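Quick notes on the structure that follows.
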Amino acid sequence: MGLPFANAQDRVSGNATYLDLVYKIESQDTLKLDLFLPDERFGKQFPLLIIIHGGAWVAGDKGLESNYYMRQMKRRLLASGIAVASIDYRLLSKTMHFPAPIQDGKDAVNWLFEHAEQYRIDTNNVGLWGGSAGGHLAMLIAYADPQEFAEAQHPREKVFPIRYVVNNFGPTDLNSLFKIEMGRMGVLFFKLFINKLYVAREQLTYALTGLHLQAELEALKQANTRYSPLNYIDESTAPTLIFHGTKDRIVPFSQSEELKSRLDAQGVQNELIPISGGDHGFNNITENRLDHIVEQTIDFIFRQKRHYPSP
């Protein structure tokens, strides 16, 4: 873990691309990240945005070319002088549960900080971006104490500063998301209006926690509480930009409203930008609107950028 394994490098228009950098080997899993650096004209060091993909914690990968939103995000970040890293993590299954993906995300962040000099990363200006499940992971990685979720064999000796979080429609309260406590009318409403999530509810809660919804309800509620970003917010929480579609049928818009409320209560800089009519993943909005979201993201990143005088 932490060694610079062999990688592929490509230079296009002055940008350096490093694909499949191995940041961690865990049992049978070799975990990799892709790193994209801006043109050298932007300076000797680059701010870095680390992207954590979604996929309900059970699917997805670090590729950024599969949809317009992520292609445009990468292109505009690089054109603005911001480096981009996109990470893989262990996906949940019948045998793989939390906190494994959180630990992997933390280890990817640590690897990038540890290799910052090699890849010219400005460690004073590193942020996290996550979509859906990736937003949930980004918030947990940034908000929770560095020792929280740490693996016994890999204690956290250093604390690497996360400057900000960009959360795209990520779950913030898992007990509320999965409607862990609800009566018959609640079940009916859930099935009717959020059917996709209802169908996957028992499988997802087991994949997350290794606990059964009916047989281990109290333990499941405690685990969901532990893995809910809302419960780690205090006055030191990283500034957070939130995008959420108002017609999201997977992660309700209210999850981001509650996030904003908690951040406001602690005096944490934040902004919630509702995407009118947007579904989960913004699959139903135009490329022009996606372009605007990308520009709002970049504007937020530059507002967080910290400048340090030369020694």
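The values are calculated or read from the model by the stated rules, or taken from the named source; none is laboratory data. Computed from a predicted model, the values in this text were never measured in an experiment. No Cβ is skipped: glycine too gets one built from the backbone with ideal geometry, and neighbour counts run over all protein chains shown. Each accessible area value is taken on the protein alone, full model and side chains, heavy atoms only, with ligands, DNA and RNA left out. Shrake-Rupley method; radii C 1.70, N 1.55, O 1.52, S 1.80 Å.
Please report, as a whole percent, how much of the solvent-accessible surface of the stretch 197-311 comes from carbon and sulfur atoms (probe radius 1.4 Å).
Numbers: 2850 of 5930 Å².
Carbon and sulfur atoms account for 48 percent of the accessible area of the stretch 197-311.
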TODO: At 1.4 Å probe size, with every protein chain present, just tell me what the per residue accessible area of the stretch 29-176 comes to in Å².
DONE: 35 Å²
Task: Contour excess over end-to-end distance, with Cα ends at residue 254 and residue 44 and 0.36 nm allotted per residue - done: 71.4 nm
Open item on the list: Looking at the chain as a GNM with Cα springs under 10 Å, which of 251, 294, 166 has the largest mean-square fluctuation?
Closed with: 294
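Let me check against my output: what whole-number percent is the relative contact order of the chain, with C-alpha pairs under 8 Å and at least 6 apart?
Details: 573 pairs, mean separation 49.8, N = 311.
The value is 16 percent.
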- [ ] Provide the per-residue ³J(HN,Hα) series for the stretch 123-135, in order, calculated from phi with Karplus coefficients 6.51, -1.76, 1.60 and θ = phi - 60°, each as a whole number of Hz, with x at glycine and proline positions.
- [x] 5, 7, 9, 10, x, 10, 10, x, x, 6, 4, x, x
Open item on the list: Placing unit charges on C-beta atoms (Lys and Arg positive, Asp and Glu negative, everything else neutral), compute the dipole magnitude of the stretch 244-311 about its Cα centre in debye, rounded to 20.
Closed with: 220 debye
Task: Nearest-ten-degree value, helix 253-265 long axis tilted from longest Cα axis of the chain - done: 70 degrees
TODO: Only loop residues by DSSP count here, and only those with at most 11 other Cβ atoms within 10 Å; note down the chymotrypsin sites (Phe, Trp or Tyr not before Pro) in the stretch 66-113 that meet that.
DONE: none
Open item on the list: Among (1) 19.0, 65; (2) 20.8, 67; (3) 20.2, 61, only one was calculated for this model; which label is it, if the read-out is Rg and Dmax of the Cα atoms in Å?
Closed with: (1)
Task: Sparse-neighbour loop sites [GluC sites (Glu not before Pro); the stretch 102-152; at most 16 other C-beta within 10 Å; DSSP] - done: 148, 151
